[in-house]
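The values are calculated or read from the model by the stated rules, or taken from the named source; none is laboratory data. Note that the structure is a prediction, hence the values are computed from the model and not measured. Cβ atoms come from the backbone with ideal geometry, glycine included; neighbour counts cover every protein chain shown.
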Ligand code: AMP
């Protein structure tokens, strides 16, 4: 038996009924609604303003119903309506980002996963404390510019959308950096980026056992980032800076990737350590999460970020991935979420996966 995350009061709105899978109409909502539909669960799309017309173009992913609010900040005011609908909210990147982690964490509606994770993810220092104490390798962090001994990336706190990073080849180049807010200086890791889509089920008693449940790998992607991914075509950085071009990491899309099979043990080990430590720190992370890191030429995987919910890169795999097809054919992360909700309901264990 896993840890109960939700009180009975919080789950009272779901008493004896099939939960309605609800999320904000954005990010990975098509995948989430599609997955719920395949698993036979009702769906509700929360739209800001009138529902977007593009949902009509995707009949297998259009939610059964919409609930519109004028502004995302009005969501807490419709919590009662959402409870009446028997809604379970599925967090995704845009949902948490637009509403803000605090307001999202305070919503009085059942949420899929452990909302205690928000406090650990939304603060870069706490995130590092979690991952490092789990024994996960991360890019070195420099407390002071004088310690810098190689290429670095400077990140502002809460940098949005990949803008505002500063790259410096060495300490000398870093001295030209003029900060405009609080920042961290990190080792710039040379290697290949992988964004690994995991799913942790505290309900499962088979597969790759971790904690009281099991860990699944459902897919992997790499993000396309403008303009950094194309900068090399224009030549060296100094030339670019002279031309007034600064590198940015604005995500514009995703490409599917797979890892050398011999590196899979490392991937699972990293995922398992993060879960085990999350259980000790805050009762455990549940459901989808993404480990974002760089594989160096020494085949060391350094993690620079973790997303503790469904990531947009999983949208590549609505009909399955080279990994999830080996768990169950045609399994998407959205569908896996719906399966977990349905299994928990059938076994009377919703308190272990909702908060
Ligand atoms: P983040 O905001 O931490 O997700 O970083 C945004 C992007 O910056 C990543 O997708 C990577 O392309 C790049 N990046 C972040 N940290 C590092 C690092 N330590 N070394 C090299 N590239 C990085």
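Within the stretch 318-355, the residues that satisfy the criterion of being free of Cβ contacts under 8 Å to residues at least 24 places away in the same chain and either in contact with a helix residue (DSSP H, G or I) (Cβ under 6 Å, 6 or more places away or on another chain) or in a helix (DSSP H, G or I) (or both) are 325, 326, 346. What do you reckon, is residue 313 modelled with pLDDT of 95 or more, surrounded by fewer than 19 Cβ atoms within 10 Å (Cβ to Cβ) and more than 14 Å from residue 88 (Cα to Cα)? Answer is no for this residue.
Filtering the stretch 177-197 to residues that are within 15 Å of the ligand (Cβ to nearest atom) and part of a loop (DSSP other than H, G, I, E, B) leaves 181, 182, 188, 189, 190, 191.
A search for C-beta distances below 6 Å between a residue of the stretch 74-86 that is more than 15 Å from residue 21 (Cβ to Cβ) and any residue that is surrounded by fewer than 14 Cβ atoms within 10 Å (Cβ to Cβ), counting only pairs 6+ apart in sequence or on different chains, returns 79/108.
Would you please name the residue that is surrounded by the fewest Cβ atoms within 10 Å (Cβ to Cβ), looking only at residues in the stretch 134-173 that are away from the ligand (no atom under 14 Å from the Cβ) and under 19 Å from residue 241 (Cα atoms)?
This residue is 172.
In the stretch 74-86 there is at least one residue that is surrounded by 19 or more Cβ atoms within 10 Å (Cβ to Cβ) and not in a loop (DSSP other than H, G, I, E, B). Of the helices (runs of 4 or more DSSP H) lying entirely inside the stretch 204-317, those carrying at least 1 residues that are in contact (Cβ under 8 Å) with a residue 60 or more places away in the chain are 237-242, 264-282. Applying the condition of being modelled with pLDDT of 90 or more and assigned to a loop (DSSP other than H, G, I, E, B) to the stretch 156-176 and asking which residue is farthest from residue 189 (Cα to Cα) yields 175.
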